[in-house]
1. Treat every Asp and Glu Cβ in the stretch 5-194 as -1 and every Lys and Arg Cβ as +1, leave all other atoms uncharged, and give the resulting dipole magnitude about the Cα centre to the nearest 20 debye.
2. Hey, can you grab everything whose amide H is under 5 Å from the amide H of Q93? Only 5+ residues off in sequence or another chain; H modelled, so Pro and N-termini drop out.
3. Check which residues have an amide H placed less than 5 Å from G122's amide H, if you skip close sequence neighbours.
4. Which order results if V48, V130 are arranged by neighbouring Cβ count within 10 Å, fewest first?
5. For K56, go through the lysines and keep the ones whose alpha-carbon is under 29 Å away, minus same-chain ones fewer than eight residues off.
6. Would you mind getting the Kirkwood hydrodynamic radius of the stretch 5-194 from its Cα pairs, rounded to one decimal in Å?
7. What residues qualify as long-range amide H neighbours of V99, i.e. H under 5 Å apart, gap of 5 or more or another chain, H built at 1.01 Å from N?
8. Report the GluC sites (Glu not before Pro) located in the stretch 51-120 that are in a DSSP loop and have at most 10 other Cβ atoms inside 10 Å of their Cβ, or state none.
Amino acid sequence: MRTFLAAGALLIGLAGGAAAEVNPFGLARGAEGIVPRYLLVDANGRSVTNEDFPGKFQLITFGYTYCPDICPTTLVDMAAVLERLGERAARLQPIFITVDPERDTPQVLKTYTEFFHPRILGLSGSPALVRRAADNFRVRYEKVNLPQDPPDRYAVDHSAGSYLVAPDGRLAKKFAYGTTAEIMAEQIGQAMGNNPRPERNE
């Protein structure tokens, strides 16, 4: 599937497929202009925003369930990251946001994401809300429909990669598509070490 990889490279500011460096304060380098905010809907019809996971990191990727290669590979890696993090995975909420809300209903997304890992949360919404979320993350996507195909048979070109959002709501990292689960887990663990869980006052 064709993707907007050139645009993704501009967003990421990476070389050789490595992830963007994160400083001790959790701010990403090479990902200017990204605002990690969204208002979408889960499989139960509940509104979900970027502020609904207090104390947790969010690992977010955009795609669609009809995607033949990039999205399944990304979700396999996301599941592997959870496994590699071990107990620390409790501090990470993985999220898959569709760029094809017409076909990817919340229930379709739930079935799809649970195939890869039960903790991956699929989010959908109206086309306008999905577009707003994608714009905030500077994700580009576009339907591709051949003239001989029916209207509901199309592909979606979209930016590839994953975003790590810190508990304070700031972008911590932008991972390029193809970054291994091993590298992602290692760098997410480092980000967690730089952002320790706040102690609760008893």
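Each value in this text was obtained by applying a stated rule to the coordinates, not by laboratory testing. Computed from a prediction, not measured in an experiment: that's the story for all the values here. Ideal geometry is used to build each Cβ from the backbone, glycine not excepted, and the neighbour counts take in all protein chains shown.
1. Values: 19 positive and 21 negative charges, 80 e Å.
The calculated dipole for the stretch 5-194 is roughly 380 debye.
2. F57, Q58, L59
3. Result for G122 returns F96.
4. V48, V130
5. Cross-link targets: K110, K173, K174.
6. Working: mean 1/r = 0.0604 Å⁻¹.
Its Kirkwood hydrodynamic radius stands at 16.5 Å.
7. Result for V99 returns G63, Y64.
8. Passing sites in the stretch 51-120 are E51.
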